[in-house]
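Working notes for the structure below.
The values are calculated or read from the model by the stated rules, or taken from the named source; none is laboratory data. Everything quoted here is computed from the prediction, not taken from an experiment. Glycine also receives a Cβ, built like all others from the backbone with ideal geometry; neighbour counts cover every protein chain displayed. In case anyone asks, the SASA skips ligands and DNA or RNA and just uses the protein heavy atoms, side chains included. Shrake-Rupley method; radii C 1.70, N 1.55, O 1.52, S 1.80 Å.
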Amino acid sequence: MTSPRRHLWIAAAAWAVLSIVGIVLVAGIQIIPVIASREAVIENSAFVLLTIVSVPVLMFVVVGLAYSALRFRANGDETDGPPVHGSRGFQSIWLGVSFALVIGLFGYGAVGLIDIRGAQSSDFEVQVRSEQWAWHFEYPDAGVVSKELHIPLGERVHLVINSDDVIHSFWVPAFGVKQDAVPGRPTQIYLTATVEGTYPGLCAELCGFGHTDMHLTVVVSGRAALESWLSQQPKPSPQPSGSPP
Amino acid sequence: MLRAVLGAATGIAVGVGSLTLARGAGLIIDDGQVLGLAYLLAVIGFLFGIGAFRFWVTWAAGRQVDPAEEHAAHGTAGDWRRYFRFTTDHKVIGVQYLVTAFLLFLIAGSFAMLMRFELAQPGLVLGKEAYNTVMSTHGAMMITVALISIIGGLGNYLVPIMIGARDMAFPKTNALSYWLLPLPILLVAINPLLGGFDSGWTAYPPLSQQANLGQQAYLMAFVTVGISSIISAINFLVTVFRMRAPGMSLMRMPIFVWALTVTATLALIATSVVAAAFTMLLFDRVLGTSFFRPSRGGDVILFEHLFWFYSHPAVYIMGLPGLGAILEVVPVFARKPLFAYPLAVLSFISIGVLSFMVWAHHMFVSGMAEFFHIPIMLTTELISVPTGIVFLSALGTIWMGKLHFKTPMLWVFGFIWAFLIGGITGVYLADVPTDITLSDTYFVVAHFHYTIVGGTIFGLFAGTYYWYPKITGRMYSERLGKLHFWWFTLAFNATFLPMFWLGIEGMRRRVADYPSQFGGLNLWISFAAFNIFLSVAVFVFNMVWSWRRGPRAAPNPWRAHTLEWQISSPPPIQNFDHIPMVSAGPYEYGGGVGVPAEGRAAQ
């Protein structure tokens, strides 16, 4: 007969080994597939931290289940198990660890959140207008409207997002930004692109049957290239209807 | 039943007829208004036809209710027709709910198969409009399954017996809450004939204001199911607090009863909010109001708040009964007392309270008030503490137990795994920085299937196998039960685990088509999902066949200690000849207080 204490030690050792192996495997990996903005970098480190914390939690339950399934089978023994109703010590540790984890994760999340969404000054503003099922980008300083979003590299960009009909959602995976476009109520986000290139974006909120095909394209280029692109765009003489004040 | 159908038909005829006449007289009336009135009158006609108001009308008219008639409404043992009538016996109502829920589970599952058929390969087969309707209907129906199966089915059948009562507190309202369901369920099932609806079950305006009549059908059905849910919640609460047998103190109640008590409290408080929000949305559509019409000063975010103020607690309305069923099964098959029972009770109550403070985590990218992200992130992460206690209780009970791996116990193990994955991935969605990337992707789809299927459906299967001998008086086939478990669990994980990866890679939810790079994985998922469906066929066969041919079940085949196992299988029509005296807690394994199992129900 294995003593109760011995069962605990074996399981704890298995848990420790599996947790360490797991943490080594996940530490430092890139989870967001393409990272091209300051925001996406913050989000990726949040992903990695949460995954590191998840490993020992996952392993604790899995080892507990697997060990029990292997070692505590009745195998025809019809007697009852020990009449244990609880363990004050173990319950206290469990609660203490849960609360500590929650408070720690909350603190880390709050810092990241403020870093991503906190009020910031911007260097470049674009009005984003959405409708079923297309995106329009208006550059107030240049007086230009385009189908593609062009933003400068390494500068703080302020996007003010509107909708003409139903709820849409502006999402560019590589930038780690997503924001609903709400009719009657402009929303806004800030982002700083860090890698030059062309990135796909899409509508993330179900907006009718055209939702599947509601895509957009973002081009990130140096300020000079952006200015020359803006100057080549035709300037619409009357303001497009529905654009906000 | 026939009279009920006639009643409904009369209601429809009066509704359509009167408005057609009004139209003829020159009034401007649109189809939505006709559908609204016809449905309202159909529900009332149906309920009158089935006899739901018979006793109340008699009573209100000042006449004496004939006791023989009241007795007849309770039904006679062995008479199959009582399952198709307005019967007041809680056991009949439980079976009605359970069978209805499983039928709906099959229909909604078929809709899921259609979705996976469309998604198996990039490109379009059904088409975008049809896909959105199929997806929305699947969601609406499965939500209903999760809401009614354990509470209405197992809860109605077992709660009175488990607390030593002869019936629910209000048997007639109990039957009413069931008979409110057939018409809305039918209406949702036929919504494709009314043009379908493409808003998903969340029905966000303005999309849900511009959509077809099928959309309106869904809204009306949802409100009706909500009313049924509120009525049934009141009944459960009164039953639990007023009908317990002597000696059945609150802290001697089986944990399943505790789970349903908290659930009923949530349903009572939260459901009225969503019923109001959906009614306002209906008014916007049918009566021309502007609660949620931005073009006329309405507010769309307001709807999101009202919707999730119910629909997040609703996740716990679906989940808690499953957790209760799981914790009920664990001690029996581990032959040990439930670990940390008082803490588990406290955790259910805490989940109930906290569930009202987390709704806006569905709205982290919605454009709601900026500061509100922070408190909601905190409360959402806090709720993982009481939810974690469920794992503490289950693992603590299993540890050092004498485990009997009968089918219900296998579902417990499957539950712990699935709900653990659901819980861990939930933290990624509670954390705003990661949620910005993940919201509205397949990560969310995978997460909520791991929690709702993992919590509710695994709990439902565990409970259904566990209580099957009690309800039917027959044993199910253990071999088929195990086949069902392994097949379902492997296929379930093969379906939903890859979806986490799809979501991180950027596949949006609620789309009929996707970039071709996701093609291989989606084909695999469709194949695995089809296997879930096949495994459920094994379950259905086992249940139906064993009910007729299974070996007769002993009163207490599992050697459990709770009251329902101390009476015959199936229970006599009045449950107990004498109301039992309860002298010990429900899980006294290992001779804790020296009360033999059979002695607990001493009269």
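What whole-number value in Å² describes the accessible area per residue of the stretch B:1-65 for a 1.4 Å probe?
On a per-residue basis, 61 Å².
At a 1.4 Å probe radius, carbon and sulfur cover how many percent of the accessible area of the protein assembly as shown?
C and S atoms contribute 68 percent here.
Return the calculated 222 nm mean residue ellipticity for the protein assembly as shown, to the nearest 500 deg cm²/dmol, obtained by summing -39500 (n - 2.57) across DSSP H runs with n ≥ 4 and dividing by the residue count.
Value at 222 nm, helices only, nearest 500: -19500 deg cm²/dmol.
Nearest-5 percent of antiparallel DSSP beta bridges in the protein assembly as shown?
70 percent
Given H placed 1.01 Å from N in the peptide plane, which residues other than close sequence neighbours of A:LEU216 have an amide H under 5 Å from its amide H?
When sequence neighbours closer than 5 places are left aside, the close amide H contacts are A:GLY201, A:LEU202.
Averaged across orientations, what area in nm² does the convex hull of the alpha carbons in the protein assembly as shown project?
For the Cα atoms of the protein assembly as shown, the hull's average projected area reads 37.6 nm².
Work out from phi, with θ = phi - 60° and the Karplus expression 6.51 cos²θ - 1.76 cosθ + 1.60, the ³J(HN,Hα) of each residue of the stretch B:426-438, listed in order in whole Hz, and give x for Gly and Pro.
Result, rounded to whole Hz: x, 5, 5, 8, 7, 7, 4, x, 6, 5, 4, 6, 8.
Return the Rg/Rh value of the stretch B:202-244, two decimal places, where both radii are evaluated on C-alpha atoms and Rh is the Kirkwood radius.
Rg/Rh: 1.30.
Kindly tabulate the residues in the stretch A:129-168 with an accessible-area decrease of at least 20 Å² between the chain alone and the assembly of all protein chains, using a probe of 1.4 Å.
Those residues are A:GLN132, A:VAL166, A:ILE167.
Report the Rg/Rh value for the stretch A:69-209, based on alpha-carbon coordinates and the Kirkwood definition of Rh.
1.32
Please give the net charge around B:GLY288, taking every other residue with its beta carbon less than 14 angstrom from that of B:GLY288, where Lys and Arg add +1 and Asp and Glu add -1.
After counting each charged neighbour, the total is +1.
Accessible area per residue for the stretch A:124-232 in Å², computed with a 1.4 Å probe and the full protein assembly in place, what is it?
Per residue, the stretch A:124-232 has an accessible area of 32 Å².
For the stretch B:122-219, compute Rg over Rh where Rg is the Cα radius of gyration and Rh is the Kirkwood radius from the inverse mean 1/r over Cα pairs.
That ratio equals 1.14.
Accessible area per residue for the stretch B:383-527 in Å², computed with a 1.4 Å probe and the full protein assembly in place, what is it?
So the stretch B:383-527 comes to 25 Å² accessible per residue, rounded to a whole number.
Enter the buried accessible area of the B/A pair, total of both sides, probe 1.4 Å, in Å² rounded to the nearest 100.
That pair of chains buries around 7200 Å² in total.
Given Cβ point charges of +1 (Lys, Arg) and -1 (Asp, Glu) and nothing else, what value in debye, to the nearest 20, does the dipole of the protein assembly as shown about its Cα centre take?
Taking the Cα centre of the protein assembly as shown as origin, the dipole is about 3020 debye.
So what's the angle, to the nearest 10 degrees on a 0 to 90 scale, between helix A:223-232 and the longest Cα principal axis of chain A?
Helix A:223-232 sits roughly 50 degrees off the main axis of chain A.
Give, as ranges by residue number, the residues of the stretch B:467-491 whose backbone N falls under 16 Å from the point 7 Å along Cα→Cβ of B:VAL540.
B:484, B:488
If you build the Cα gyration tensor of the stretch B:469-603 and take the root of 5 times each eigenvalue, what three semi-axes come out, in whole angstrom, biggest first?
46, 19, 13
In Å and on Cα atoms, what radius of gyration and Dmax does the stretch B:1-65 show?
For the stretch B:1-65, the Cα-based Rg and Dmax read 14.9, 48 Å.
Considering the stretch B:87-601, what Rg and Dmax in Å follow from its alpha-carbon atoms?
Rg, Dmax (Cα atoms, Å): 22.4, 71.
List the residues, sorted by chain then number, that are 5 or more residues from B:MET168 or on another chain and whose placed amide H is less than 5 Å from its amide H.
Result for B:MET168 returns B:HIS90.
Starting from the amide H of A:HIS150, placed 1.01 Å from N in the peptide plane, find each other amide H under 5 Å away whose residue is 5 or more places distant or on another chain.
Amide H neighbours of A:HIS150, under 5 Å, 5+ apart: A:VAL219.
Using 7 Å Cα-to-Cβ label points, what is the B:ALA554/A:TRP9 separation (nm, one decimal)?
Between B:ALA554 and A:TRP9, the label points sit 4.0 nm apart.
Rounded to a whole number of µm²/s, how large is the Stokes-Einstein D of the stretch B:225-271 at 25 °C and 0.890 mPa s, given Rh as the Kirkwood radius over C-alpha pairs?
Result for D is 223 µm²/s.
Expressed as an acute angle from 0 to 90° and rounded to the nearest 10, what is the orientation of the C-alpha long axis of helix A:88-117 relative to the principal long axis of chain A?
Value to nearest ten degrees: 10.
Expressed as a whole number of Å, what is the distance separating the alpha-carbon centroids of the stretch A:112-180 and the stretch B:118-196?
What the calculation gives is 40 Å, centre to centre.
With bins 5 Å wide starting at 0, give me the P(r) of the stretch B:40-135 over every alpha carbon pair, in whole percents.
Pairs per bin, as whole percents: 2, 11, 13, 13, 13, 11, 9, 8, 8, 6, 4, 2, 1, 0.
Quick one: if you take sqrt(5λ) for each eigenvalue of the C-alpha gyration tensor of the stretch B:296-432, what semi-axes come out, biggest first, whole angstrom?
35, 13, 13
Taking the Cβ of B:ALA60 as the centre, find all other residues whose Cβ is under 14 Å away and add up their charges (Lys, Arg: +1; Asp, Glu: -1).
+3
Over chain A, what lengths in whole Å, largest first, do the semi-axes of the equivalent ellipsoid take, defined as the square roots of 5 times the eigenvalues of the alpha-carbon gyration tensor?
Values for chain A, descending: 53, 19, 16 Å.
Quick one: what does P(r) look like for the stretch B:82-163 with 10 Å bins over all Cα pairs, in whole %?
Answer for the stretch B:82-163: a P(r) of 19, 35, 23, 15, 8, 1 percent.
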